[in-house]
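Taking it in order: structure first as structure tokens, then the write-up.
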Amino acid sequence: MKETENAQRGKGWKTAVYLLLALLLYAYGVQVTNVNLEEPLEPRRQQNLVGLIRQLARPDLFSYANETRSMDISLRMPCPDEPKGSQLGSEGRTIVLAPNCVNTTQDPLRLTGEGFPANASGVVIWHPPGSTTTRRVAEFRADGSGNFIVRFTMPDVRETADLQRLEIVELLDRRITGSSDTLKLTLDRILETILMAFMASTVGTILAVPISFLAARNLMTDVKMPQISLMLAVILAPIGGWLGGWLTRWLLQAAAGGQALVGLILLLVVIGLLAVVLRLGGSLLDDSPKRWQQAGRWLLAGLLGLFGLGVVGNLGLDLGSWLTPRLGLLAFVGNFIFVMADFLLLLLPFFAGLAGVAAAMSLGGRLGQRLTERLSLGAAKLAMIGLTVVGTAVFTYALLFAANWVCLLGVCRWWPEAGQWLLLVSLLVGVVGGVLALRLQPKQQIAVGTAVYIFTRSTLNGLRAIEPVLMGFVFVVWVGIGPLAGTIVLIIHSIADLGKLFSEQVENIAEGPLEAVTATGANRLQTIVYAVVPQIVPHFIAFAFYRWDINVRMSTIIGFVGGGGIGLALQRATNLTQYRQASVMVIAIALVVIILDYVSAKIRSRII
Amino acid sequence: MLRVKNLTKVYEDGTVALKDVSFEVPAGEFVAVIGLSGSGKSTLLRCINRLIEPTSGEIWWDDVALSHITGEELRRARRRIGMIFQHFNLVDRSSVLRNVLSGRLGYVNPLASLLGRFPEADVARAYASLDRVGIRDKALNRADELSGGQRQRVGIARALMQEPEMILADEPVASLDPALAHSIMRHLQTINREDKITVLCSLHFLDLVQQYGTRAIALNAGELVFDGRPAEIDDQKFIDIYGREAERIG
Ligand SMILES: Nc1ncnc2c1ncn2[C@@H]1O[C@H](COP(=O)(O)OP(=O)(O)O)[C@@H](O)[C@H]1O
Ligand SMILES: [Mg+2]
């Protein structure tokens with residue numbers, strides 16, 4: 001009994017201390033944030049604010065045609081010895097300008113009007129002598145009883161003996177004649193933004209899917225292999241990548257050049273050959289006992305396919321540049337074909353290189369498995385240590401090479417030149433690795449999957465932590481101001497974000513099907529495609545839409561640092577204090593975000 | 001012939017799920033695995049096809065050391081061992097046909113299967129398997145449109161696709177009502193008799209054990225406490241297996 005009472009009293013004390021601490025923190029916060037309520041209340045500030053809000057409230061949406069009525073009143077520059085006022089009456093309206101002369105741009109003028117229609121408005125226009133252009137010097141708006149007073153100064157002084165003409169233009173009617181230039185620009189840019197976001201979301205999703213598997217704990221923890229497999233995979237990876245990339249580049253070169261006609265014939269030949277390879281000697285899909293022959297046919301088919309894609313790419317370039325000047329309004333279709341073909345040719349070696357890396361690593365893994373099973377213990381241990389030395393050296397060299405490459409960009413100047421030095425260090429690290437590997441048993445299963453999981457997760461988290469704006473700066477420097485920089489940043493951020501979200505989805509799938517498919521003897525990839533993918537596809541699609549919506553918002557921010565789209569236009573408008581224009585853009589962004597938000601929510605609820 | 005020698009499994013949290021379990025199963029038997037829930041039945045079955053790594057001991061299937069093979073060898077062994085689960089473990093969003101075809105993944109060309117292509121012979125085999133369990137007409141339905149009994153039959157068809165020499169069934173009828181349970185058990189019995197497939201099946205109800213098992217082994221807290229014909233389970237044995245509080249109903 002007593003104990004609980006004590007505990008309760010202790011609790012009270014604790015709460016008080018925490019409250020006090022929070023209060024202290026708050027007090028310090030007030031000092032740090034410089035809270036000063038005087039400044040925002042200053043009349044000048046308030047005036048500025050009101051002006052800004054008024055402009056924002058009148059978005060520059062339309063262009064107008066005005067019906068007007070004009071009256072002329074005269075002005076003198078310089079002033080005669082006895083300055084007077086000018087008066088003018090017409091159709092019940094009376095206008096007085098007093099004084100009716102100026103000597104400098106500081107001299108005040110006062111224009112009064114009476115007998116105007118209630119709330120009538122208009123402008124005062126000066127026709128400078130000897131000039132064909134006119135200048136607006138003041139605006140007026142009558143009150144409820146049709147009177148107004150405006151005070152103004154002249155923007156410039158042109159001295160003449162004659163009277164000068166001030167035109168009082170009263171606005172009778174305003175008709176909307178169409179959309180304003182701002183609106184046109186805004187539509188153009190918001191479309192650009194939506195497309196940027198769309199491309200970034202699709203590309204980001206496609207790349208995030210495989211990455212998310214690597215970042216899913218439940219898929220990765222039981223990926224284990226013996227050390228020999230691991231090291232063989234590491235050693236073969238760069239060879240595979242180089243082979244894939246180089247072969248593709250070579251094939252693309254062979255496919256390039258020549259007339260479109262030649263290209264078409266080549267394409268037909270390739271398709272024919274491909275058909276022959278696929279048909280000849282049984283289906284490629286069967287698990288034929290002649291494994292080597294089968295593998296050879298797959299390889300041949302792959303090479304033919306790559307070559308065919310190269311030909312298609314070049315044909316696309318030709319077709320695109322032929323179409324663009326001929327399609328008129330649809331010229332963007334021609335341009336699209338050209339750009340896509342260009343992308344295909346550019347990215348093909350890259351993806352082939354990746355495929356090469358994957359194939360080589362898989363081959364290395366299998367080879368290592370075989371070796372581990374077949375070799376005697378002593379031989380296996382020897383092989384393991386030798387391979388560890390080479391593998392660690394290769395890995396270290398790759399890391400050092402990357403670091404050095406970054407330094408060559410001028411990020412850090414202290415790094416020594418590449419070459420032998422890197423090689424030496426890598427070999428040394430390799431030997432250290434070999435010594436450490438002495439403690440391993442050849443049959444011991446290394447938890448490679450866990451390492452990959454941790455690495456992928458932390459990389460994704462790191463990328464997510466980098467502000468998109470900062471990335472925007474980097475890519476604007478690299479590829480220049482414009483939508484390309486923004487799109488690249490959005491892609492990277494989408495990959496990081498979706499990669500994490502997707503992997504969490506993968507971790508939440510029902511384990512049962514995974515277990516069942518594994519039990520059939522399926523390999524890792526098959527298990528993923530048959531047991532994991534069907535469970536996650538709807539979520540992935542939903543997230544991809546959600547990401548589109550985020551990308552639209554994010555691209556406006558990246559646009560501020562030069563990433564193209566509506567953000568860039570908005571930044572220009574605000575910098576030029578064109579708040580009416582900015583207002584249009586803000587409204588457009590809000591509308592698009594609201595619509596996308598709604599659409600993506602609908603789609604998500606429909607799919608899941 | 002399946003031989004389990006001194007099999008022990010200790011989970012990472014220290015739970016001893018199997019303690020020095022040894023037994024032999026000649027090919028073609030229908031072995032009922034019984035025991036209270038938590039006695040280690042699932043663990044035992046999953047050690048055999050290595051969904052769970054044994055801590056120590058050996059498992060042999062003829063001359064293959066199931067307990068020690070890895071990689072490619074393990075996959076080749078797994079594809080000859082079908083498995084059926086209490087909760088069916090179908091992929092709900094895939095079609096019945098695709099679920100059944102997935103039983104073939106250990107045999108087909110991996111690359112082609114990733115593209116969703118299966119040899120025609122396998123598609124025909126899938127339809128034949130579905131025919132055998134009587135739900136050929138559901139082939140193109142989504143798996144989650146089927147009832148419990150139908151789903152378990154898909155599970156059996158999937159196992160049949162593997163052309164298995166052994167089927168591990170982990171409480172295959174525990175989530176079904178009794179009438180359905182008998183129908184599923186009869187399918188397993190037919191497979192056991194006609195195809196000469198060894199069946200290891202964990203069961204809850206003694207009447208099912210008596211009716212379908214040609215042999216029974218019992219686990220209690222991870223230890224093998226009975227190995228013999230189902231008919232030999234008398235009242236004393238029953239208490240050994242299920243403990244004193246249990247009441248014999250079967
Ligand atoms: N993944 C696991 N980690 C830790 N303990 C587990 C795990 N799976 C099962 N166990 C424990 O092992 C024992 C045997 O479980 P199980 O083989 O599922 O029994 P049964 O299938 O007979 O109900 C139980 O005590 C259970 O709590
Ligand atoms: Mg169980």
*Could you give the Stokes-Einstein D for the range B:1-145 in µm² per second, using the C-alpha Kirkwood radius, 37 °C, 0.692 mPa s?*
189 µm²/s
_Loss of accessible area when A meets B, both sides summed, Å² nearest 100, probe 1.4 Å_ = 2900 Å²
_To the nearest 20 Debye, how big is the dipole of the range A:237-355 about its Cα centre, given +1 on the beta carbon of each Lys and Arg and -1 on that of each Asp and Glu?_
200 debye
*Between A:R165 and B:E24, what is the label-to-label distance in nm when each label sits 7 Å out along the Cα-to-Cβ direction?*
12.2 nm
_For A:K184, give me every one of the aspartates and glutamates with a C-alpha distance below 19 angstrom, ignoring sequence neighbours fewer than eight places off in its own chain._
A:D60, A:E192
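Calculate, for the range B:55-126, the solvent-accessible area per residue in square angstrom, rolling a 1.4 angstrom probe over the heavy atoms of the protein chains. Before the final figure, lay out the partial values.
Details: 2920 Å² over 72 residues.
With the other protein chains kept in place, the range B:55-126 gives 41 Å² per residue.
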*So how far, in whole Å, is the C-alpha centre of the range B:1-63 from the one of the range A:248-277?*
58 Å
_Inter-probe distance in nm under a simple model that places probes 7 Å from Cα toward Cβ, at B:A128 and A:S131_ = 9.7 nm
*Which order do B:S175, A:S503 take by accessible area at a 1.4 Å probe, largest first?*
B:S175, A:S503
_I'd like the Karplus ³J(HN,Hα) series for the range A:198-211: coefficients 6.51, -1.76, 1.60, θ = phi - 60°, whole numbers in Hz, and an x wherever there's a Gly or Pro._
5, 5, 4, 5, 5, 4, x, 5, 4, 6, 6, 4, x, 5
*Which one of A:F350, A:V312, A:L267 is farthest out on the positive end of the charge dipole of the range A:237-355, using unit charges on Cβ (Lys, Arg +1; Asp, Glu -1) and the Cα centre as origin?*
A:L267
_Rounded Å value of the spacing that divides the Cα centres of the range A:576-603 and the range A:61-108_ = 43 Å
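Compare A:I168, A:I211 by solvent-accessible area with a 1.4 Å probe and give them largest first, with all protein chains kept in place.
Working: A:I168 0, A:I211 50 Å².
Output order, biggest surface exposure first: A:I211, A:I168.
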*List for the range B:107-152: residues with 50 Å² or greater reduction in accessible area, all protein chains versus chain alone, probe 1.4 Å?*
B:N109, B:L114
*asked:* Using protein chains only and a probe of 1.4 angstrom, how many square angstrom of B:H68 are accessible, to the nearest 10?
replied: 120 Å²
*What is the sum of charges around A:K184, taking Lys and Arg as +1, Asp and Glu as -1, for the other residues whose C-beta is under 14 Å from the C-beta of A:K184?*
-3
*Residue among A:G241, A:L251, A:L323 farthest towards the positive dipole end of the range A:223-353, charges placed on Cβ*: A:G241
*Put +1 on the Cβ of every Lys and Arg and -1 on every Asp and Glu Cβ in the range A:64-179; which of A:V137, A:P83, A:Q164 then has its Cα farthest towards the positive end of the dipole?*
A:V137
_Cleavage-rule hits, chymotrypsin sites (Phe, Trp or Tyr not before Pro), the range A:290-339, DSSP coil, Cβ neighbours within 10 Å at most 16_ = none
*Exposure ranking of A:H493, B:H187 by accessible area [1.4 Å probe, largest first]*: B:H187, A:H493
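Tell me what chain A gives for mean residue ellipticity at 222 nm when only DSSP H runs of n ≥ 4 count, each as -39,500 (n - 2.57), the sum divided by the residue total, rounded to 500 deg cm²/dmol. Before the final figure, lay out each step's value.
On the way: 19 runs with 400 residues, N = 608.
Mean residue ellipticity, 222 nm, calculated: -23000 deg cm²/dmol.
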*asked:* Once ligands and nucleic acids are excluded and a 1.4 Å probe is used, how much of A:I228 is accessible, expressed in Å² to the nearest 10?
replied: 0 Å²
_Relative contact order for chain B, counting Cα pairs under 8 Å that sit 6 or more residues apart, in percent_ = 27 percent
*Counting only C-alpha contacts under 8 Å and six or more residues apart, can you give the relative contact order of chain A as a whole percent?*
18 percent
_Rounded to the nearest 20 debye, what is the charge dipole size of chain A about its Cα centre when +1 sits on each Lys and Arg Cβ and -1 on each Asp and Glu Cβ?_
2020 debye
*Roughly how big is chain B's charge dipole about its Cα centre, with Cβ charges of +1 (Lys, Arg) and -1 (Asp, Glu), in debye to the nearest 20?*
860 debye
*Measure off, as a whole percent, the carbon and sulfur share of the 1.4 Å-probe accessible area of chain B, all protein chains present.*
48 percent
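Quick one: if the Förster radius is 45 Å, what FRET efficiency do A:V150 and A:Y28 give, using the C-beta to C-beta distance and rounding to 0.05?
Numbers: r = 51 Å, r/R0 = 1.14.
So, using R0 = 45 Å, E works out to roughly 0.30.
Tell me, what is the FRET efficiency for A:L21 and A:R553 to the nearest 0.05, using R0 = 56 angstrom and their Cβ-Cβ distance as r?
Taking R0 as 56 Å, the efficiency between A:L21 and A:R553 is 0.95.
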_With loop defined by DSSP as not H, G, I, E or B, and exposure as at most 13 other Cβ atoms within 10 Å, which is the longest segment of chain A clear of exposed GluC sites (Glu not before Pro)?_
A:160-416
*Roll a 1.4 Å probe over the protein heavy atoms and report the accessible area of A:S201 in Å², nearest 10.*
10 Å²
*Tell me which aspartates and glutamates have Cα within less than 20 Å of A:K381's Cα, excluding those fewer than 8 residues away on the same chain?*
A:E373
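Within a Cβ distance under 14 Å of A:S212, other residues only, what is the Lys/Arg minus Asp/Glu net charge? Present the calculation step by step, with values, prior to reporting the outcome.
Details: positive: A:R217, A:R457, A:R464, A:K500, A:R547; negative: A:D497, A:E504, A:E507.
Computed value for this residue: +2.
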*Taking the Cα-to-Cβ direction at A:L424 and at A:R439 and moving 7 Å from each Cα, how far apart do the two end points lie in nm?*
2.9 nm
*asked:* Give the residue list of trypsin sites (Lys or Arg not before Pro) in the range B:142-211 that are DSSP loop and have at most 12 other beta-carbon atoms within 10 angstrom.
replied: B:K196
*Under 30 Å Cα-Cα from B:K237, which lysines qualify once same-chain neighbours fewer than 8 residues away are excluded?*
B:K5, B:K9, B:K19, B:K41, B:K196
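The values are calculated or read from the model by the stated rules, or taken from the named source; none is laboratory data. It should be emphasised that the depicted structure is a prediction, and the values quoted were computed from it without experimental measurement. Heads up, the Cβs are rebuilt from the backbone with ideal geometry, glycines too, and the neighbour counts pull from every protein chain shown. With ligands, DNA and RNA removed, areas are computed over all heavy atoms of the protein, side chains included. Shrake-Rupley method; radii C 1.70, N 1.55, O 1.52, S 1.80 Å.
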